[in-house]
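Read through the structure below, which is laid out as structure tokens, and then see the notes.
The values are calculated or read from the model by the stated rules, or taken from the named source; none is laboratory data. Note that the structure is a prediction, hence the values are computed from the model and not measured. Here the Cβ positions follow ideal geometry from the backbone for every residue, glycine too, while neighbour counts run over all protein chains shown.
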Amino acid sequence: MEIISKEIINSSKYLNFIRTLFKNQRNETDYWFSVERPNSGKTVIVAALHHNKLVVTREFRVAIGDYEWGIPAGLVDDNESPEQTAIRELKEETDLIVDQIIGCTPYLYNSAGLTNEVVSIVYCRASGIQGQSGNEKDEEIQCYLMDKAEVLKLIQDPSKKFSAKAYLIFERFVKGDLW
């Protein structure tokens, strides 16, 4: 397989829509359509504990036309580390403050068949009073502090929609595998 060319066919503030011409395994040329983040695709999700409760978000997602249950997340700004982004995003989305970074994963691919987006999971402890004062005009994010029983009840509800990455964090939290 070989990439021949990439062309931006449309752009928005957060995404470039790409048409890639490539040679497939039969040496035939073909097109692949994908999206790329202008910031090299770097994102962060923040697995935060607040006094032994997990910081959980409920956010309206236009692409699914519904609310998604997850954890705080966001785009890495230029020259930011994942840890710096986690501190900023947690404050913006929840009004909470990172007290201690426990660890952070390397960048991992989200959906390599669709996007160049990568994510680093930052594990931390947080404090403060949750709120929504940092939500941008195109964000509707509520923050909840949930204990293990509440998270278990949440993930057992078939009517809820979940971020796949957050769901795995939820399961680990319920099993006591985090921190």
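Residues that are of a type outside the set (A, V, I, L, M, F, W, C), modelled with pLDDT of 95 or more, under 18 Å from the mean Cα position of the chain (by Cα) and surrounded by 15 or more Cβ atoms within 10 Å (Cβ to Cβ) occur in region 143-157; there is at least one.
Among the charged types (D, E, K, R) and under 28 Å from THR94 (Cβ atoms): does that describe LYS53? It is true that LYS53 is among the charged types (D, E, K, R) and under 28 Å from THR94 (Cβ atoms). Only residues that are over 17 Å from TYR67 (Cα atoms) and hydrophobic (A, V, I, L, M, F, W, C) were counted in region 147-165, giving 2. With (1) within 30 Å of LYS175 (Cα to Cα); (2) of a type outside the set (A, V, I, L, M, F, W, C); (3) modelled with pLDDT of 95 or more as the list, and TYR31 as the residue in question, which single condition is left unmet? The one condition TYR31 does not meet is (1).
Do we find that GLU171 is touching a strand residue (DSSP E or B) at 6+ places or on another chain (Cβ under 6 Å), farther than 28 Å from SER34 by Cβ, acidic (Asp, Glu) and assigned to a helix (DSSP H, G or I) in this structure? Answer is no for this residue.
Among all positions in region 143-155, there is at least one residue which is assigned by TED's automatic domain parsing to the domain that holds VAL55, touching a Leu at 6+ places or on another chain (Cβ under 9 Å), touching a residue at least 60 places away in the same chain (Cβ under 8 Å) and among the hydroxyl-bearing types (Ser, Thr, Tyr). Within region 1-39, the set of residues being part of a loop (DSSP other than H, G, I, E, B), of a type in the set (Lys, Arg) and over 16 Å from GLU117 (Cβ atoms) comprises just one member, ARG26.
If you go through region 11-38 and keep only what is closer than 30 Å to GLU136 by Cα and touching a Phe, Trp or Tyr at 6+ places or on another chain (Cβ under 9 Å), you end up with SER11, PHE17, ILE18, PHE33, SER34, VAL35, GLU36, ARG37, PRO38.
For region 85-124, the candidate set comprises residues that are polar (S, T, N, Q) and touching a strand residue (DSSP E or B) at 6+ places or on another chain (Cβ under 9 Å); within that set, the residue that is surrounded by the most Cβ atoms within 10 Å (Cβ to Cβ) is THR94.
Yes or no, residue by residue, for (1) within 14 Å of ASN39 (Cα to Cα); (2) touching a Cys at 6+ places or on another chain (Cβ under 7 Å); (3) of a type outside the set (Gly, Ala, Ser):
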| site | (1), (2), (3) |
| --- | --- |
| LEU75 | yes, no, yes |
| GLN84 | no, no, yes |
| ARG88 | no, no, yes |
| THR94 | no, yes, yes |
| GLY103 | no, no, no |
| TYR107 | yes, no, yes |
| THR115 | yes, no, yes |
| SER127 | no, no, no |
| GLN130 | no, yes, yes |
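Here LYS137 clears all of (1) out of contact with any Pro (no Cβ under 6 Å at 6 or more places or on another chain); (2) surrounded by 13 or more Cβ atoms within 10 Å (Cβ to Cβ); (3) at negative phi except the condition numbered (2).
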